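For reference, the structure discussed in these notes is given below.
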Amino acid sequence: MASKSFITVLFDDQCGKCTRWADFIQKRDPDSIVNLVGQNSEQGKEILLDIPKEMEGLDSIFLISNDGRWFPKSAAIWRVCKHLKFPWSLASAMFLVPWPIRDFFYDAYARMRK
């Protein structure tokens, strides 16, 4: 049997929309692959100590792959989507949209969230 590969998702646990999104993920992650961690929790603060320099100061969701790579913004979201049950996994096709366009819409939505 192949071992599961887990990912960690750091989300803003002081944001209502972000918390609802985390709940959405949890309900649609049948294999419990996504480890959701609030950025303001003790565990989240500890994980954020290892954030790559180029991502410091970003107000974003972060995905940390099982091999330690960090992905912010829309890159994190489409990678999460591919682990969700059907039909939500289809949203991972957004990787086909160039990242500057995806991140433009991510940033526009993020400005409205607080």
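Couple of notes before you dig in:
- Burial ordering of 19, 8, fewest other beta-carbon atoms within 10 Å first: 19, 8
- The helix-only estimate of mean residue ellipticity at 222 nm for the chain, built from DSSP H runs of length n ≥ 4 each weighted as -39500 (n - 2.57), is -11000 deg cm²/dmol after division by the residue total.
- The dipole here belongs to the chain: it is taken about the Cα centre, uses +1 on the Cβ of Lys and Arg and -1 on the Cβ of Asp and Glu, and is about 480 debye.
- Global form of the chain, assessed from the alpha-carbon gyration tensor, a/c cut-off 1.5: rounded
- For the chain, 81 have no disulfide-compatible partner, since no other Cys C-beta lies under 4.7 Å from theirs.
Quick note: the coordinates plus some simple rules give every number you see, no bench work behind them. Owing to the predicted nature of the structure, the values given are computational and were not obtained by experimental measurement. When we count neighbours, we look across all protein chains shown, and the Cβ atoms used for this are built from the backbone with ideal geometry, even at glycine.
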